[in-house]
Amino acid sequence: MKNPMTHGFDEILENRALDRFDGTWSEWFQVGAASKRKLFDCGGIGNLYNAAMELSERQRKYLRGLGHALNPVLLIGNAGVTPAVIAEAKRALHDHELIKVKFRGADRATRDTGLTALAGSTESLLVHRIGHTALYYKRRNDRPGIVIPDA
């Protein structure tokens, strides 16, 4: 059964993938639908035109340098990543683009899954993580405040 939220999305992916396919028609029909989707995989974030950006190591280093002087704007405790935490992280990312988050009161596995879940739910990038502290970046499309150097 198809998911009603993604109805029609598979057809769009296949049509867009068809535009970028370099092989022959016989190869195209032998490739499975899952492989065709990999041509336009957005990582589950955004859509075809607003996909999550990937940062080079140089760009990550630049953002880490900017984030070094920041204080954590979000402290996550024993309750973990709740809807209120996600809403506050989205607001902070919209206002600042680059935020530091501190995740306390959990073991390493819970902390890792919580930090990656926060990145996924806020559609941001986990730039750097060390210990209990993580740095997130989400570019503002309307008025970017941080200019990232080219890769």
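Read-outs throughout are calculated quantities, based only on the coordinates presented, and are distinct from any laboratory measurement. Here the structure is a predicted model, which means the values were calculated and not measured. For neighbour counting, all protein chains shown are included, and Cβ atoms are generated from backbone atoms with ideal geometry for every residue, glycine included.
Across every pair of non-identical alpha carbons in the range 57-137, the mean reciprocal distance, once inverted, gives a Kirkwood radius of 12.5 Å. Sparse packing (at most 16 other Cβ atoms within 10 Å of the Cβ) combined with a DSSP loop state is found for the following GluC sites (Glu not before Pro) in the range 87-151: Glu123. Simple spin-label estimate for Asn71 and Met53 gives 2.8 nm between the two label positions (7 Å along the Cα-to-Cβ direction from each Cα). Its relative contact order, with pairs defined as Cα atoms under 8 Å and 6+ residues apart, puts the range 57-137 at 34 percent. Dipole check for the range 57-137: with +1 at the C-beta of Lys and Arg, -1 at the C-beta of Asp and Glu, and the Cα centre as origin, the magnitude is about 280 Debye.
Modelled spin-label separation between Arg143 and Thr110, with each label point placed 7 Å from Cα along the Cα-to-Cβ direction: 4.0 nm.
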